[in-house]
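One structure is given here, and the rest of the page talks about it.
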């Protein structure tokens, strides 16, 4: 499989690169050959060539640079998304996929418009540990992570990644976290997200294999340490 890591030099808040490391390592532990290509500003890219795309978080300045660069390639990205490309977008990368970002002054900065949601500046940062109940591969699980964002995201009927059990999620108001569309998964959870939640990592791997027409029955790995860490955090947050 081939992984596209978009703008790793600009979008890597809170160790978001760890999501790519986790995806790749869990593939290699199973004997799956994986290559990672890092795409930076002005680098040529054909999204249809990839099996997994990762977009991390960054500051407002970095996001504005990226929005202009990625906007020139949005048709290629949209076609790949509609064709089932597996995408994980975190925080700022999540916001970029939406319709717009509304500043405190009311100015709307256009996003890529790939997904039907919008983000507006909040009057306080939403910071802290988060627990989210999500349906992954047909079964409910609790995802854990850490959020730190000033923007508040609102879904226009789009399916969320999950329901907030602890923390703020998309906006601290409606109890929703992240967004899902086809094989696109968006979230505000850093941590990074995938090492903390191997069940989600394996689901993304299975979806990528399915899209390639390869069997999706993954050989089991020893996740006892990861599961203990997840349960410890859930117990700390939920009691």
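The values are calculated or read from the model by the stated rules, or taken from the named source; none is laboratory data. If you're wondering where the values come from, they're calculated on a predicted model, not measured in any experiment. Quick reminder, even Gly has a Cβ in these numbers, built from the backbone with ideal geometry, and neighbours come from all protein chains shown.
Below are the figures for this structure:
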item	result
Whichever residue in region 5-41 is outside any helix (DSSP H, G or I) and touching a helix residue (DSSP H, G or I) at 6+ places or on another chain (Cβ under 7 Å) and, among such residues, is surrounded by the fewest Cβ atoms within 10 Å (Cβ to Cβ)	41
Strands (runs of 3 or more DSSP E) wholly inside region 52-121 that include at least 2 residues being modelled with pLDDT of 90 or more, surrounded by 20 or more Cβ atoms within 10 Å (Cβ to Cβ) and touching a strand residue (DSSP E or B) at 6+ places or on another chain (Cβ under 7 Å)	52-55, 86-90
Those residues of region 198-220 which are under 19 Å from residue 25 (Cβ atoms), out of contact with any helix residue (DSSP H, G or I) (no Cβ under 7 Å at 6 or more places or on another chain) and surrounded by 14 or more Cβ atoms within 10 Å (Cβ to Cβ), in sequence order	199, 203, 206, 207, 208, 209
Every residue from region 16-49 that is closer than 20 Å to residue 189 by Cα and touching a strand residue (DSSP E or B) at 6+ places or on another chain (Cβ under 7 Å)	16, 19, 20, 23, 24
